[in-house]
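Report on the following structure.
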Amino acid sequence: MKYPVKKNSVSRLLSNAVGPSPIGIGDVQGCCNALDRLLDKLGPIGDTQLWFAGDLVNRGPESLAVLRRIMGLGERAITVLGNHDLHLLELAAGKYCPEHDDTLDDILSAPDAIDLIDWLRYRPIVHYDGQRLLVHAGVLPQWNIQVILGLAHGIQTKLRSKDWKIFLQSLRGNGSNTWFNSLQGEARARVIINAMTRIRFCDAYGRMEFIAKGSPNTAPDGFMPWFDVPQRRSADTLVVFGHWASLGLMIRDNIIALDTGCVWGGKLSAIRLDTAPQNRAIVVQVDCSKKR
Ligand SMILES: [Mn+2]
């Protein structure tokens, strides 16, 4: 299925005087050049919110510049924490977990690094406006929208507390991949964070698989995309997410996937997050350089 770019529709879409729908933007991952070109093409956005699907930083060449650009958008920018954003927070918390292709030094060595990190750790894990849920990777099938908001609130409270470094240092490895209501403490936090920032495939019971990163037709035996689990309890809410570059742009009635692989030489996409599926056209898309 194709989603044509409507070249002359930007101003019409943006001039919607009564409660304009937000515009969703996929994983930027330090690609500031692509972000700047996308924002230029969007033009003045007025009161329209830009919803970033997380992973603002890492792997790309200009993580610091991306962070400053999005901070500069003020309250018009809504962004949720992705696994790479949390990785940066873990490094800032003093946890020794560098990866060889990290590109986060410009942030960590910035003169105002403390302010940058504080801004980032106050970003939510999920954002919900009553009609749409924004989350970096996805949610588990057992969770309805109320449960999701409650679990995310618990994590956000920890990240915004004075003990945020201790909290992040306590989270180790992949941890458990399965949700139980009885989970407590670090194990509970780990599963919530893994689901919301890393999930792609899980089984019918919500057991997560963290190795496969391919398209849905490469799902390991017994696993499926998290959004395809039968009787998923959040299926009545529009869920907007990124994280899954090999899934690409996917628009269904209750799903909008935004990661079109900018950092891998794909595209950076901006999609109208309209509640009416027929209005979810691409607003702007820019090509990204393969050279990172
Ligand atoms: Mn990600």
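Here the range 173-187 is the region considered, the condition is being touching a residue at least 24 places away in the same chain (Cβ under 8 Å) and in contact with a Gly (Cβ under 8 Å, 6 or more places away or on another chain), and the residue that is surrounded by the fewest Cβ atoms within 10 Å (Cβ to Cβ) is Thr178. Selection of the range 80-117 for residues being within 14 Å of the ligand (Cβ to nearest atom) and touching an Asp or Glu at 6+ places or on another chain (Cβ under 8 Å) yields Gly82, Asn83, His84, Asp85, His87.
Checking every residue in the range 232-246 against the condition of being within 16 Å of the ligand (Cβ to nearest atom), under 23 Å from Leu91 (Cβ atoms) and of a type outside the set (Gly, Ala, Ser) gives at least one match. Name the one entry in Leu134, Leu168 that is at pLDDT 95 or above and closer than 24 Å to Ala257 by Cα. The match here is Leu134. If you go through the range 134-170 and keep only what is closer than 22 Å to Arg207 by Cβ, crowded, with 19+ Cβ neighbours inside 10 Å and in contact (Cβ under 8 Å) with a residue 60 or more places away in the chain, you end up with Val135, His136, Ala137, Gly138, Val139, Leu140, Pro141, Trp143, Ile148. For the range 204-224, the tally of residues that are part of a loop (DSSP other than H, G, I, E, B), in contact with a strand residue (DSSP E or B) (Cβ under 9 Å, 6 or more places away or on another chain) and surrounded by 15 or more Cβ atoms within 10 Å (Cβ to Cβ) stands at 2. Just one of the listed residues (Phe201, Phe210) is within 16 Å of the ligand (Cβ to nearest atom), modelled with pLDDT under 95 and closer than 29 Å to Cys97 by Cα, and it is Phe210. Of all residues in the range 244-257, those satisfying the criterion of being over 16 Å from Val57 (Cα atoms) and either in a loop (DSSP other than H, G, I, E, B) or touching a helix residue (DSSP H, G or I) at 6+ places or on another chain (Cβ under 6 Å) (or both) are Ser246, Leu247, Gly248, Leu249, Asp253, Asn254, Ile255.
I need the full set of residues from the range 51-77 which are surrounded by 20 or more Cβ atoms within 10 Å (Cβ to Cβ) and either more than 16 Å from the ligand (Cβ to nearest atom) or assigned to a helix (DSSP H, G or I) (or both), in order please.
Passing the criteria: Glu62, Ser63, Leu64, Val66, Leu67, Ile70.
Taken over the range 262-287, the criterion of being within 16 Å of the ligand (Cβ to nearest atom) and touching a Lys or Arg at 6+ places or on another chain (Cβ under 7 Å) is satisfied by Val263 alone. State yes or no: is Ala152 more than 16 Å from the ligand (Cβ to nearest atom), among the small types (Gly, Ala, Ser) and touching a strand residue (DSSP E or B) at 6+ places or on another chain (Cβ under 7 Å)? Taking the combined requirement at face value, the residue satisfies it.
The values are calculated or read from the model by the stated rules, or taken from the named source; none is laboratory data. Everything numeric in this text was worked out from a predicted model, so none of it was measured. Cβ coordinates were reconstructed from backbone atoms using ideal geometry, including for glycine residues, and neighbour counts include every protein chain displayed.
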